[in-house]
């Protein structure tokens, strides 16, 4: 069942999403050469406590941290570690929070120091695809329309689209129906309705898009060891557009 939220519920999600955005901005600013992702996770935990929100990922299906911190060829679900970041790394920072009974989820991928031209192209294109999906999201379009728009940006920039992982519905549960793929056929799939709340999260790679889960049972690595980027916003579908809840 796809959950339709009331205006009041969406307002609560927006409040939580603004808090999440502020926390993620602070974590992003702290991700510098010499800092460990474990330190970023500790910062995320402290900021969640200060803002009186609960980190959504901590304990979710056994996940051991508040923050997903995915470096270079880890596309998503990287477990924070004591390995310092170095110049040239890119790091995906993915965080969810629970606020007044509702979840929001957001992610960004940032440069650590000076990165390669190809890495810059990857980050720009992945963020562009998220912005493209947000611009077209409204009642009446389909999940196929959204996925096709995201994949079209990847094709334009000659990047791979990860297919094994998708966005999702979100609200009273961290992951709700429907799945939101980053590829699709225009006009196909579920039609969006006002009141749906979705986490849209394109994941692109510089090389082939095939992935595998590492022995920690969480970290998703790109098989050919190319680098990958991940951006995400939680949105609410409206009649004539969408509202980004994690700005």
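Condition first: part of a loop (DSSP other than H, G, I, E, B) and either out of contact with any helix residue (DSSP H, G or I) (no Cβ under 9 Å at 6 or more places or on another chain) or at positive phi (or both). Now tell me which residues in region 6-34 satisfy that.
6, 32, 33, 34 - these are the residues of region 6-34 that are part of a loop (DSSP other than H, G, I, E, B) and either out of contact with any helix residue (DSSP H, G or I) (no Cβ under 9 Å at 6 or more places or on another chain) or at positive phi (or both).
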Report summary line: residue 113: passes all of (1) assigned to a helix (DSSP H, G or I); (2) more than 26 Å from residue 57 (Cβ to Cβ); (3) in contact (Cβ under 8 Å) with a residue 60 or more places away in the chain but (1)
Report summary line: Filtering region 189-206 for residues that are crowded, with 24+ Cβ neighbours inside 10 Å and in a strand (DSSP E or B) leaves a count of 7
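Go through region 218-240 and report how many residues are touching a helix residue (DSSP H, G or I) at 6+ places or on another chain (Cβ under 8 Å) and either closer than 19 Å to residue 61 by Cβ or part of a loop (DSSP other than H, G, I, E, B) (or both). Please lay out each step first, then the result.
Residues of region 218-240 that are touching a helix residue (DSSP H, G or I) at 6+ places or on another chain (Cβ under 8 Å), as a first pass: 227-236.
Pick out the ones that are also either closer than 19 Å to residue 61 by Cβ or part of a loop (DSSP other than H, G, I, E, B) (or both) and you get 227, 230-232.
The qualifying residues number 4.
Checking the conditions here, which among 186, 209, 178 is in a loop (DSSP other than H, G, I, E, B), in contact with a helix residue (DSSP H, G or I) (Cβ under 7 Å, 6 or more places away or on another chain) and modelled with pLDDT of 95 or more? Explain how you work it out, then say what you get.
Values: 209 fails: in contact with a helix residue (DSSP H, G or I) (Cβ under 7 Å, 6 or more places away or on another chain); 178 fails: in a loop (DSSP other than H, G, I, E, B).
None of the other options fit; the residue is 186.
Can you find, within region 136-152, the residue that is nearest to residue 243 (Cα to Cα) among those that are touching a residue at least 40 places away in the same chain (Cβ under 8 Å) and in a helix (DSSP H, G or I)? Full working, then the answer.
Within region 136-152, the subset touching a residue at least 40 places away in the same chain (Cβ under 8 Å) is 137-147, 150.
Keeping just the survivors that are in a helix (DSSP H, G or I) gives 143-147, 150.
Values: 143: 17, 144: 20, 145: 18, 146: 15, 147: 18, 150: 18 Å.
Across region 136-152, the extreme among qualifying residues is 146.
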Report task. Kindly indicate whether residue 130 is within 25 Å of residue 20 (Cα to Cα), touching a residue at least 40 places away in the same chain (Cβ under 8 Å) and assigned to a loop (DSSP other than H, G, I, E, B). Result -> no
Query raised in the report: So which residues in region 136-165 are over 16 Å from the mean Cα position of the chain (by Cα), surrounded by fewer than 18 Cβ atoms within 10 Å (Cβ to Cβ) and farther than 22 Å from residue 1 by Cβ, if there are any at all?
Result: 136, 152, 155, 156, 157, 158
Report summary line: Selection from region 15-38 of residues touching a residue at least 40 places away in the same chain (Cβ under 8 Å) and out of contact with any strand residue (DSSP E or B) (no Cβ under 7 Å at 6 or more places or on another chain) yields 18, 32, 33, 38
Report summary line: Of the residues in region 153-169, those that are in contact with a helix residue (DSSP H, G or I) (Cβ under 8 Å, 6 or more places away or on another chain) and either modelled with pLDDT under 95 or not in a helix (DSSP H, G or I) (or both) number 4
Query raised in the report: Within region 35-65, restricting attention to residues that are in a loop (DSSP other than H, G, I, E, B) and over 17 Å from residue 220 (Cα atoms), which residue is nearest to the chain's Cα centre (by Cα)?
Result: 56
Query raised in the report: In region 166-187, which residues are touching a residue at least 60 places away in the same chain (Cβ under 8 Å), more than 25 Å from residue 210 (Cα to Cα) and loosely packed, with under 15 Cβ neighbours inside 10 Å?
Result: 172, 173
Requested in this report: Go through 53, 91, 71 for me and flag whichever is farther than 30 Å from residue 160 by Cα and in contact with a helix residue (DSSP H, G or I) (Cβ under 9 Å, 6 or more places away or on another chain).
Outcome: 53
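The values are calculated or read from the model by the stated rules, or taken from the named source; none is laboratory data. All values reported here derive from a predicted model rather than from experimental measurement. So basically every Cβ, Gly included, is an ideal-geometry build from the backbone, and we count neighbours across all protein chains shown.
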